[in-house]
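The values are calculated or read from the model by the stated rules, or taken from the named source; none is laboratory data. Worth saying up front: this structure is predicted, and the values here are computed from it rather than measured. Ideal geometry is used to build each Cβ from the backbone, glycine not excepted, and the neighbour counts take in all protein chains shown.
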Amino acid sequence: MEAKKFKVIIVEDVKLELKGTEEIFRHEIPDAEVIGTAMTEQEFWSLMETGVPDLVLLDLGLGGSTTIGVDICRNIFKRYPDVHVLIFTGEILNEKLWVDVLEAGADGIILKTAKTEEEGLAMIRKLLSYIPQNNLEEAPYVDCTDPIDRLEDSLNEIIPDSPNKPYDMYEVISAIVDNGEFLEVQPHYAKNIIIGFARFNGQSVGIVANQPKYLAGVLDSNASRKGARFVRFCDAFNIPLVSLVDVPGFLPGTGQEYNGVILHGAKLLYAYGEATVPKVTITLRKSYGGSHIVMSCKQLRGDMNYAWPTAEIAVMGGAGAVEVLYAREAKEQENPAAFLAEKEAEYTKLFANPYNAAKYGYIDDVIEPRNTRFRIIRALQQLQTKKLTNPAKKHGNIPL
């Protein structure tokens, strides 16, 4: 049976007299089916009625008209939430155009942007190299020249001594994946969570990681939606998931409450719980409370859950916990601050480590940070023959 082709609609500026984007696309990516090319917004929506594509390619040209591209970006997900958008522009950028493009990316509408047609097409080829043609195929595999037992000594020192000091999760990702290559998607949207594709020993995987450098890596409404959609995408295409966890909780505040942070957080929980692909989780530092649950924990059908020695798996951090547990007793002390500091040290010693969680079976092993790459690869190899099916039903009831 012939594999289903990747469907594309192209939008380009009518004022430009460049070589046809559609012709270039057909030549460079023959596996794609170009539904058509639109030069006005009306033409675009007409094409959408004839067939919903997998990708909309916006060629805005050399600082050309921004109206059609921005209008499409801001409206397409309202009607077709599963369609992806890729923009590429000319070398000479109109400042307002680039601001509009970045704003659209900050809204979570655009996966990636490119400055030239060549860069855009190369980006598409790279993206498709990680994704199988359909859900019946396995994730693509390429020959790996990066040693599977490569040790990264820098990871043993990457976690700061202070639990409140950030570090860059991108450094962790580049240190453990094949040849340091990571294809991030939606980099401008919800920067407190990182999603993208990489390879371990040649096998394509999807990576979900908290980013301590942005909002301390907390989960908010946007991060939860971003992570949930990516997890479901990987599960739909049989792409294994690797989660790198350092999350202190959900972002507090009335703004998040009014925006339904619990509802959106439940989407991430549902996506991980529903996923039947191999799931490997590494807890690097913090994993507290409800955010621990939604980040592919063992209780949520995580397959292999590892932790670094610096991991803290608990209901909440020590400072917050002692304020709840000992607030009344502290008022009766001559030196409340010293009393709370003593209780915080006790709490930290008991719970701010991975060993208590491992005792209850929530962690499969505490691993040396520099050996993370090898342990992930070995876990993925163990899970290669994983077969798991969800209960028969019409569809799930995801909290939309």
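What is the residue count in the stretch 80-102 for residues that are assigned to a helix (DSSP H, G or I) and either within 14 Å of Pro187 (Cβ to Cβ) or modelled with pLDDT of 70 or more (or both)? Walk me through how you get there before you give the answer.
First, the residues of the stretch 80-102 that are assigned to a helix (DSSP H, G or I): 95-102.
Within this subset, residues satisfying the condition of being either within 14 Å of Pro187 (Cβ to Cβ) or modelled with pLDDT of 70 or more (or both) are 101-102.
Residues that pass the stated criteria total 2.
Looking only at the stretch 178-217, count every residue that is surrounded by fewer than 22 Cβ atoms within 10 Å (Cβ to Cβ), on the phi < 0 side of the Ramachandran plot and among the aliphatic types (A, V, I, L, M) and tell me the total.
2
Might you let me know whether the stretch 278-295 holds any residue that is within 23 Å of Gln381 (Cβ to Cβ) and surrounded by fewer than 24 Cβ atoms within 10 Å (Cβ to Cβ)?
Within the stretch 278-295, none of the residues are within 23 Å of Gln381 (Cβ to Cβ) and surrounded by fewer than 24 Cβ atoms within 10 Å (Cβ to Cβ).
Being in contact with a Ser or Thr (Cβ under 6 Å, 6 or more places away or on another chain), in a strand (DSSP E or B) and either farther than 26 Å from Ile176 by Cα or not charged (D, E, K, R) (or both) is the filter here; which residues of the stretch 257-281 pass it?
Residue satisfying the conditions is Thr281 alone.
Can you tell me which residue among Tyr141, Tyr130 is in contact (Cβ under 8 Å) with a residue 24 or more places away in the chain, surrounded by 15 or more Cβ atoms within 10 Å (Cβ to Cβ) and not β-branched (Val, Ile, Thr)?
Numbers: Tyr141 fails: surrounded by 15 or more Cβ atoms within 10 Å (Cβ to Cβ).
When all the criteria are applied, what remains is Tyr130.
Output the qualifying pairs, or none if there are none: Cβ atoms under 7 angstrom, residues six or more apart or on different chains, first residue in the stretch 144-155 and over 18 Å from Gly202 (Cβ atoms), second residue polar (S, T, N, Q) and not in a loop (DSSP other than H, G, I, E, B).
Once the first residue is over 18 Å from Gly202 (Cβ atoms) and sits in the stretch 144-155, its partners that are polar (S, T, N, Q) and not in a loop (DSSP other than H, G, I, E, B) give Leu151/Asn371; Leu155/Thr372.
Restricting to the stretch 353-374, name every residue that is touching a residue at least 60 places away in the same chain (Cβ under 8 Å), surrounded by 13 or more Cβ atoms within 10 Å (Cβ to Cβ) and out of contact with any Phe, Trp or Tyr (no Cβ under 9 Å at 6 or more places or on another chain). Before you say what the answer is, go through the steps one by one.
Restricting attention to the stretch 353-374, the residues satisfying the condition of being touching a residue at least 60 places away in the same chain (Cβ under 8 Å) are 354, 361-364, 366-374.
After this cut, where a residue has to be surrounded by 13 or more Cβ atoms within 10 Å (Cβ to Cβ) as well, the list is 354, 362-364, 366-374.
Once the filter is applied, which keeps residues that are touching a residue at least 60 places away in the same chain (Cβ under 8 Å), surrounded by 13 or more Cβ atoms within 10 Å (Cβ to Cβ) and out of contact with any Phe, Trp or Tyr (no Cβ under 9 Å at 6 or more places or on another chain), the stretch 353-374 yields Tyr362, Arg370, Asn371, Phe374.
Please name all residue pairs, on different chains or six or more residues apart, with Cβ atoms under 8 Å, provided the first residue is in the stretch 316-339 and is over 19 Å from Gly249 (Cβ atoms) and the second residue is not hydroxyl-bearing (Ser, Thr, Tyr) and not in a helix (DSSP H, G or I).
Pairs that qualify, where the first residue is over 19 Å from Gly249 (Cβ atoms) and the partner is not hydroxyl-bearing (Ser, Thr, Tyr) and not in a helix (DSSP H, G or I), are Phe339/Gln333.
If I ask for residues that are out of contact with any Pro (no Cβ under 7 Å at 6 or more places or on another chain), among the hydroxyl-bearing types (Ser, Thr, Tyr), at pLDDT 95 or above and outside any helix (DSSP H, G or I), which ones from the stretch 168-213 would you list?
Result: no residue meets the conditions.
Just to be sure before I move on: is Ala358 at pLDDT 90 or above, closer than 18 Å to Tyr288 by Cβ, among the hydrophobic types (A, V, I, L, M, F, W, C) and out of contact with any Pro (no Cβ under 7 Å at 6 or more places or on another chain) in the structure I sent? Steps first, answer last, please.
Values: at pLDDT 90 or above: yes; closer than 18 Å to Tyr288 by Cβ: yes; among the hydrophobic types (A, V, I, L, M, F, W, C): yes; out of contact with any Pro (no Cβ under 7 Å at 6 or more places or on another chain): yes.
When the stated conditions are applied, Ala358 passes them.
Looking only at residues in the stretch 52-79 that are among the charged types (D, E, K, R) and not in a helix (DSSP H, G or I), which one is modelled with the highest pLDDT? So that I can check it myself, show each step before the final result.
Our first condition is that a residue be among the charged types (D, E, K, R); within the stretch 52-79, this holds for 54, 59, 71, 74, 78-79.
Next, only the ones that are not in a helix (DSSP H, G or I) stay: 54, 59.
Numbers: Asp54: 81, Asp59: 70.
Across the stretch 52-79, the extreme among qualifying residues is Asp54.
Give Ala345, Ala311, Ala330, Ala337 a once-over and let me know the one that is crowded, with 19+ Cβ neighbours inside 10 Å and aliphatic (A, V, I, L, M).
Working: Ala345 fails: crowded, with 19+ Cβ neighbours inside 10 Å; Ala330 fails: crowded, with 19+ Cβ neighbours inside 10 Å; Ala337 fails: crowded, with 19+ Cβ neighbours inside 10 Å.
It is Ala311.
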